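The values are calculated or read from the model by the stated rules, or taken from the named source; none is laboratory data. The shown structure was predicted, so the numbers you read here are calculated from the model rather than taken from an experiment. Cβ coordinates were reconstructed from backbone atoms using ideal geometry, including for glycine residues, and neighbour counts include every protein chain displayed.
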Amino acid sequence: MFRQLFKTSLFIISLLPAIILIYGALNNQLGANPIEVLTRDTGEWALRFLLITLAVSPLRLLFGWHFLADVRRLLGLYSFFYAAIHMLLYVWLDQFFNLTDIIKDIIERPFITVGFINFIALILLAATSNDAMIKRLGAERWNRLHSLVYYIGIGAVIHFFMLVKKDVTEPVIYIIILVVLLGIRLYRYSRRSLISA
Amino acid sequence: MHINKNKLGLLKDHDVTDEKVYLNRREFINKAALLASSAALPSIAFAESEAPAPSYTDLKKSPFSASEDLTSYQSITTYNNFYEFGVNKEDPAKNATDFPDKSEPWRIVIDGECDNPGEYDLDDLMKPFTLEERIYRLRCVEGWSMVIPWHGFSLADLLKQAKPNSKAKYVEFSTLYNPQQMPGQQSSVLQWPYIEGLRIDEAMNPLSFMATGLYGNDLLGQNGAPLRLVTPWKYGFKSIKSITQIRFVEKQPVSSWMIAGPAEYGFYSNVNPDVAHPRWSQARERRIGEFLKRKTEMFNGYQEQVAHLYTGMDLKKDF
């Protein structure tokens, strides 16, 4: 009962940023350059949900919040959801579906290269996130595939860091969060291998 | 109460609701929605506020003025890059409300390689000039653009008064340095004071303009009050704001952005769709207020006036 309620609430709360953005866009409240705000904010929400997803294991480990295991997939899919809107806005409103320009952009601009590779990897994870795929791939292979999420996390913060013009405060905050989240895993991993050695 | 049936014989909600109740409910929903939106967003709506009535009405017209649709006053005064007041676009409009301090006159120093240097109050500096309107396109290096009705006077007219000598190969401009009035200067995001420069022939070009106002009113703090440069064929950051010093120099000045990113921001920084910024293309731009992007023009469409300044130069190298 609690678990279902928690999951449903989280599902609705996670949708709020999108609703607020759509409301703002329709009511002309996003400032002089609304498309820039939409692209930037959906990208940032994709990154936030990615980091929240990556926080699930450390929180279980440190505080025993195992109920979070239930919602990890939901959170990961929300990261994909915001990343997909972010990508769509770029392809549609920045490039107007001009394939030549898009390919040129991906090749020539490192931050777009990283963002693009990240999005492809996210599609892979989203497409294999259902139970049927876990069964089909087998736990071991599935886990190996989904450890891609660490590289996606690193790619996402690099993407953000490279695109800001001058003030890197925000991307640096996300980098620190990511380092902490991955650091906890590394620490546990090294302790474990020490004990088994 | 009558009951209607539509073509499919289906009942609609309002068929079973008394009209009065229905209308009342509609009104309630509208009010509630309004209340909810105003509660959520205290600085309600971006809904375009009108430009205030112009206080300068007899501005001289210029043949250099563009005949394109003006960008809204609201956008011009709320979407600004002016790091002295914060790094986000909406920061300057919030943080520059009391700028410049009206209690003391704005002082401008003109010195360096010239025969008639001096320090002036802005009012005295402006006295010889008839205010002129210049409707210019402004293209930001970030890929957006505006059309702005500036007013002010020609930079060349001002510079000639100082009588530059033969060593005056460049002109260097500085913004006010005052971290109390300009809180952004308390962070080291750029080297302060903000410095920009032009080659002397660029500065003497008739397009180069000193703006003191826009939309028929004095400049607001966020737009570079009380005196700023406008060089419409160059990326926006060249058009230095809130100027306190103009200096004739022999060597090419080093601008704040050249220090911040030498590979990304060159001395010339002419608008050029063929030379990409290392991190983004400059081929197209989004005109603020428009949905589709448009092609960026060489020299921002001012080739006729300025292309001759750069004959024989490799603009990929001298970006």
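The condition of being hydroxyl-bearing (Ser, Thr, Tyr), part of a strand (DSSP E or B) and buried (at least 19 other Cβ atoms within 10 Å of the Cβ) holds for only one of B:TYR120, B:TYR136, that being B:TYR136.
So which residues in segment B:56-87 are surrounded by 14 or more Cβ atoms within 10 Å (Cβ to Cβ) and farther than 18 Å from B:MET146 by Cα? Matches in segment B:56-87: B:TYR56, B:LEU59, B:SER62, B:TYR83, B:GLU84, B:PHE85, B:GLY86, B:VAL87. Looking at B:ALA307, B:ALA276, just one residue is over 19 Å from the mean Cα position of the chain (by Cα), within 14 Å of chain A (Cβ to nearest Cβ) and surrounded by fewer than 18 Cβ atoms within 10 Å (Cβ to Cβ), and that residue is B:ALA276. Every condition in (1) buried (at least 16 other Cβ atoms within 10 Å of the Cβ); (2) under 30 Å from B:HIS277 (Cα atoms); (3) free of Cβ contacts under 8 Å to residues at least 40 places away in the same chain holds for A:ILE106 except the one numbered (1). Before we move on, is B:GLU104 part of a loop (DSSP other than H, G, I, E, B) and over 18 Å from the mean Cα position of the chain (by Cα)? Against the criterion (part of a loop (DSSP other than H, G, I, E, B) and over 18 Å from the mean Cα position of the chain (by Cα)), B:GLU104 qualifies.
Every test in (1) within 30 Å of B:ARG294 (Cα to Cα); (2) modelled with pLDDT under 95 is passed by B:ASP101 save one, and that test is (1). Filtering B:GLN161, B:GLN191 for residues that are within 14 Å of another protein chain (Cβ to nearest Cβ) and not basic (Lys, Arg) leaves a single hit, B:GLN191.
Within segment B:75-87, residues that are more than 9 Å from every other protein chain (Cβ to nearest Cβ) reach partners that are outside any helix (DSSP H, G or I) and of a type in the set (Gly, Ala, Ser) with beta carbons closer than 8 Å, at six or more positions or on different chains, in the pairs B:PHE82/B:ALA96; B:PHE82/B:GLY224; B:GLU84/B:SER242; B:PHE85/B:ALA96.
If you go through segment A:168-184 and pick out every residue that is crowded, with 16+ Cβ neighbours inside 10 Å and closer than 26 Å to B:TRP280 by Cβ, you end up with 4.
Of everything listed in (1) hydrophobic (A, V, I, L, M, F, W, C); (2) crowded, with 20+ Cβ neighbours inside 10 Å; (3) under 21 Å from the mean Cα position of the chain (by Cα), the single unmet condition for B:LEU125 is (3). Set side by side, the residues A:ALA25, A:ALA32 differ, and just one is closer than 30 Å to B:ARG284 by Cβ and assigned to a loop (DSSP other than H, G, I, E, B), which is A:ALA32. Among the residues making up segment B:139-156, those that are in contact with a Phe, Trp or Tyr (Cβ under 7 Å, 6 or more places away or on another chain) and not in a helix (DSSP H, G or I) are B:ARG139, B:CYS140, B:VAL141, B:GLY143, B:ILE148, B:PRO149, B:TRP150, B:HIS151, B:GLY152, B:PHE153, B:SER154. Of all residues in segment B:250-268, none that is within 14 Å of chain A (Cβ to nearest Cβ) has its Cβ atom under 7 Å from the Cβ atom of a residue that is among the basic types (Lys, Arg) and crowded, with 16+ Cβ neighbours inside 10 Å, 6 or more apart or on another chain.
Based on this model, can you work out whether B:ILE288 counts as of a type in the set (A, V, I, L, M, F, W, C), touching a strand residue (DSSP E or B) at 6+ places or on another chain (Cβ under 8 Å) and within 14 Å of chain A (Cβ to nearest Cβ)? Before the answer, list the steps.
Working: of a type in the set (A, V, I, L, M, F, W, C): yes; touching a strand residue (DSSP E or B) at 6+ places or on another chain (Cβ under 8 Å): yes; within 14 Å of chain A (Cβ to nearest Cβ): yes.
Answer is yes for this residue.
Scanning segment A:85-118 for residues being away from chain B (no Cβ under 13 Å) and out of contact with any helix residue (DSSP H, G or I) (no Cβ under 8 Å at 6 or more places or on another chain) gives a total of 2. Quick one: in segment A:135-188, which of the residues that are within 14 Å of chain B (Cβ to nearest Cβ) and in contact with a Pro (Cβ under 8 Å, 6 or more places away or on another chain) is modelled with the lowest pLDDT? It comes out as A:VAL164. Pairing residues of segment A:30-51 that are within 14 Å of another protein chain (Cβ to nearest Cβ) with residues that are basic (Lys, Arg) and surrounded by fewer than 22 Cβ atoms within 10 Å (Cβ to Cβ), at Cβ distances under 9 Å and at least 6 apart in sequence or on separate chains, gives A:GLY31/B:LYS89; A:ALA32/B:LYS89; A:ASN33/B:LYS89; A:ASN33/B:ARG286; A:ILE35/B:ARG286; A:GLU36/B:LYS89; A:GLU36/B:ARG286.
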